[in-house]
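Structure first, commentary second.
The values are calculated or read from the model by the stated rules, or taken from the named source; none is laboratory data. Predicted model only: the values in this text are computed from it and were never measured. Glycine also receives a Cβ, built like all others from the backbone with ideal geometry; neighbour counts cover every protein chain displayed.
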């Protein structure tokens, strides 16, 4: 004799002809609306367990219901893009979502996504020559989309599969020496020299720099304000303008006022916001490395630029520390929220190590000199009563 559940009901639907099905179904209410769901089992105890599970989900607010079984990953990716836009995050990854994640996962039901399918995506991207770091970043976006669905009301996702984590190489340690910065600046197109200079002196991110607008620039007080929501950390920052940056921004404003007065962007090309400049960066790097007069070969290696724009972020941190700026202030200027992240950018160069060795050598030489002087003074003292 089947037991009557305390919550909802369990039954076998009747088919045409008055014959009951062999599969047990459950019936329950959510916010006064009756829900029907198949247990997909011929065992009454399985249906009973499913009904109890639904009760717990409803009571804890984790109920997703049968609708969640039909949600496709494409819908979750749409929610992810909307989340990017609502939180004013960089939309650069939207291209990865639409070009790579959506074609592979879009038509799959989120409830049926498996670790094996994720591994299939990894194999496909590796065969295309994509690095582990990039694949991890792409899968992070997919995981974020699933989590947005999982914590929505009502939930669109019941569970997350295990996401494999690929081993990544150590963080880059590239940075610009001053002569490299000057050489590249000389070879870049005129419109790219100001953002390069801004990055070199502040260590700001590329998105923060290219997104700067004139209301954020206060030339009278020699500061630039990064507003909350326009930075990766979501926190506002104030950047002081030294004489070099002040002159660069003053010239930018003068050019803008004379030629494109309606342009809101601080860094622009023909009055439009600067977008992708990888081609110009590559050409300038190669020219600077191979020019006849004062070539800088360290800017070019293995047929591609040896320095990335993001290396300027490390350079900015190191330059500020070298200049004697307290690290707490450097972290605030560059937008590093934690010490561990800042330490990855405040990189010690070979020149720093050589300078440290030189300082140690000079210090030990001074110690030895003082020791010799002290010994000489002791020997030169003649005790009373003894012949000189």
(request) Test residue 257 against the criterion of being touching a residue at least 24 places away in the same chain (Cβ under 8 Å) and not in a loop (DSSP other than H, G, I, E, B), and give yes or no. (result) no
(request) Tell me, please, whether a residue that is touching a strand residue (DSSP E or B) at 6+ places or on another chain (Cβ under 8 Å) and surrounded by fewer than 13 Cβ atoms within 10 Å (Cβ to Cβ) can be found in the stretch 258-267. (result) no
(request) Go through the stretch 315-334 and give me each residue that's surrounded by fewer than 18 Cβ atoms within 10 Å (Cβ to Cβ) and touching a strand residue (DSSP E or B) at 6+ places or on another chain (Cβ under 7 Å). (result) 332
(request) Report yes if some residue within the stretch 277-286 is outside any helix (DSSP H, G or I), touching a helix residue (DSSP H, G or I) at 6+ places or on another chain (Cβ under 7 Å) and without any contact (Cβ under 8 Å) to a residue 40 or more places away in the chain; otherwise report no. (result) no
(message) I'd like the full set of residues that are over 30 Å from residue 277 (Cα atoms) and in a helix (DSSP H, G or I), limited to the stretch 146-186.
(response) 146, 147, 148, 149, 150
(request) Please determine, by comparing only the residues of the stretch 8-51 that are outside any strand (DSSP E or B) and touching a helix residue (DSSP H, G or I) at 6+ places or on another chain (Cβ under 7 Å), which one is surrounded by the fewest Cβ atoms within 10 Å (Cβ to Cβ). (result) 41
(request) Filter the stretch 306-332 for residues that are in contact with a helix residue (DSSP H, G or I) (Cβ under 6 Å, 6 or more places away or on another chain), modelled with pLDDT under 80 and in a loop (DSSP other than H, G, I, E, B) and give the result. (result) none
(request) Confirm whether residue 295 is in contact with a helix residue (DSSP H, G or I) (Cβ under 7 Å, 6 or more places away or on another chain) and either surrounded by fewer than 16 Cβ atoms within 10 Å (Cβ to Cβ) or in a loop (DSSP other than H, G, I, E, B) (or both). (result) yes
(request) Give the residues of the stretch 77-136 that are in a loop (DSSP other than H, G, I, E, B), surrounded by fewer than 11 Cβ atoms within 10 Å (Cβ to Cβ) and modelled with pLDDT of 90 or more, sorted by residue number. (result) 107, 128, 129
(request) Could you list all residues from the stretch 265-276 that are assigned to a loop (DSSP other than H, G, I, E, B) and within 26 Å of the chain's Cα centre (by Cα)? (result) 266, 267, 274, 275, 276
(message) Going through 303, 335 one at a time, which residue ends up being within 29 Å of the chain's Cα centre (by Cα), at pLDDT below 75 and under 26 Å from residue 193 (Cα atoms)?
(response) 335
